[in-house]
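Everything below concerns the one structure shown next.
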Amino acid sequence: MRLRAAALALRGPPLQFQMRRALEHFVFLTFCFLLFSGTLAAQSNDAPNRAQTAEPPDSASLPSLYVIQPNDVLEIHVWKEPELTRKVLVRPDGRISFPLIQDLQAAGMTPGAIKQEIEQGLKKYIEVPNVTVIVEAIQSYRVFVTGKVAKAGTVMAEKPLTVLQALAMAGGFTDFANPAEMVIIRNTGNGNVLFRFNYPEVIKGKNFNQNMLLKSGDVIVVP
């Protein structure tokens, strides 16, 4: 009897016990797999939801190509033609004078558009003209800050400013100002467009797209 018991002990646990352990192991692995798959699915479903709830940037806050204005200074380079390379001032009528082309409209155009116009005009004299137009100095850009600020009036700069930058140049708010109710007025040529600006929100990082790039002629009103 002792020899038989020893032989059974050497052969290991009964077959039924082994099958039950294997089944329990399989059920446990299946449960872990389903739990892990459900977690991944939840994360993938949440990702688009988070993207949809994020506020899209206001198109007004996105910087656009600079539009040349009267009194701006342009530096025009013509490759391999040093006698044509020069700096020109945009006249009050919005035009510039350039050799071989004479008068050319500049105000209201981008540097890239002027480059194409000059290249087109030079093709009569140069086989393949290569022109580069650089805005050397912006002397036309100005915005206006009015209301309860330390230095109300005109703010001039060499490049476009954000609302916060213009407020800083105007000396900040005075007593009893209501910076949560500020507005920016922009004349589009077809009427005025009103943009609201909540200063307390912006400095806390909320709705930061309100801190848009100002266009020349914009008016900031601080009640």
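The values are calculated or read from the model by the stated rules, or taken from the named source; none is laboratory data. Everything quoted here is computed from the prediction, not taken from an experiment. Glycine gets a Cβ as well: all are built from the backbone with ideal geometry, and neighbour counts include every protein chain shown.
Could you list, in sequence order, all residues of the range 91-105 that are part of a loop (DSSP other than H, G, I, E, B) and either of a type in the set (Asp, Glu) or modelled with pLDDT of 95 or more (or both)?
Asp93
Could you grab the pairs with beta carbons closer than 8 Å, sequence gap of 6+ or different chains, first residue in the range 115-126 and assigned to a loop (DSSP other than H, G, I, E, B), second one among the hydrophobic types (A, V, I, L, M, F, W, C) and surrounded by fewer than 17 Cβ atoms within 10 Å (Cβ to Cβ)?
The qualifying pairs are Lys124/Leu100; Tyr125/Leu100.
Of (1) surrounded by fewer than 14 Cβ atoms within 10 Å (Cβ to Cβ); (2) at negative phi, Asn209 satisfies all except one. Which?
Every listed condition holds for Asn209 apart from (1).
Every residue, every condition in (1) surrounded by 13 or more Cβ atoms within 10 Å (Cβ to Cβ); (2) out of contact with any helix residue (DSSP H, G or I) (no Cβ under 8 Å at 6 or more places or on another chain); (3) in the same structural domain as Gly94 (by TED's automatic domain parsing), yes or no:
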position: Gly121; (1), (2), (3): yes, yes, yes
position: Glu127; (1), (2), (3): no, yes, yes
position: Thr154; (1), (2), (3): no, yes, no
position: Ala177; (1), (2), (3): yes, yes, no
position: Gly217; (1), (2), (3): yes, yes, no
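For the range 182-190, does any single residue satisfy the condition of being without any contact (Cβ under 8 Å) to a residue 60 or more places away in the chain, farther than 26 Å from Ile68 by Cα and of a type in the set (D, E, K, R)?
Scanning the range 182-190, I find no residue that is without any contact (Cβ under 8 Å) to a residue 60 or more places away in the chain, farther than 26 Å from Ile68 by Cα and of a type in the set (D, E, K, R), so the answer is no.
Quick one: is Glu75 at pLDDT below 95, closer than 18 Å to Lys159 by Cβ, touching a Lys or Arg at 6+ places or on another chain (Cβ under 9 Å) and not in a loop (DSSP other than H, G, I, E, B)?
So Glu75 does not fit the description; no.
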